[in-house]
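Here the structure comes first, spelled out in structure tokens, and everything after it is commentary.
The values are calculated or read from the model by the stated rules, or taken from the named source; none is laboratory data. Bear in mind that the values here come from a model prediction, so they are computed numbers and not experimental data. Here the Cβ positions follow ideal geometry from the backbone for every residue, glycine too, while neighbour counts run over all protein chains shown.
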């Protein structure tokens, strides 16, 4: 098989199945505290990023990685330039977001990254006929939006969330859909921009609306 070209749809499905394995990050964090999570996450990130960088300079490691994962790697990931692959970016994003976001905001944002990015890619490539922005389709973005809302509603039900949470998640889902669509034009890695945008909007919206709501009610009473 010749590597380095755009991957087929079947290979895209396999890549996204691997991507879905990253759901172990938000699911695992749900059951762990912050210190436990970073003690697991940081060493794994160092290991993956280190192997990713070594692949660029060490030919035996490069051949080994390509032999196993080459068929599902993007063309730019196979170059010898110091460009990180998707798995490295996901783990780096997790390390950044876990320090910046409250726990539930992190879980919501990262769940959207994994689930909605997968939905957009598969639906967009299979059924996308109406392009918009750079290399995106309206069908893929619609799949992103719907899966983002559904995944966060499920999280909201699990934690018995307030109405502010559901309002925030809808706004965050629309915003994240737009961020995902324009990420290529802005040259921003959506593995970072998606969870940060979702997590921050949910946190800030819930925080400020909760304060306004309680102040208004207390004033009336």
Count of residues meeting criterion [surrounded by 11 or more Cβ atoms within 10 Å (Cβ to Cβ) and assigned to a helix (DSSP H, G or I)] in the range 68-88: 11
Residue check, residue 134 modelled with pLDDT of 85 or more and over 25 Å from residue 207 (Cα atoms): no
Sole exception among (1) modelled with pLDDT under 90; (2) within 17 Å of residue 105 (Cβ to Cβ) for residue 186, by number: (2)
Qualifying residues in the range 2-17 (those that are exposed (fewer than 14 other Cβ atoms within 10 Å of the Cβ) and out of contact with any helix residue (DSSP H, G or I) (no Cβ under 6 Å at 6 or more places or on another chain)) - the one farthest from residue 144 (Cα to Cα): 2
Qualifying residue in the range 19-30 (condition: loosely packed, with under 12 Cβ neighbours inside 10 Å, touching a helix residue (DSSP H, G or I) at 6+ places or on another chain (Cβ under 8 Å) and either in contact (Cβ under 8 Å) with a residue 60 or more places away in the chain or outside any helix (DSSP H, G or I) (or both)): no
Yes/no for residue 44 being within 26 Å of residue 143 (Cα to Cα), part of a helix (DSSP H, G or I) and in contact (Cβ under 8 Å) with a residue 12 or more places away in the chain: no
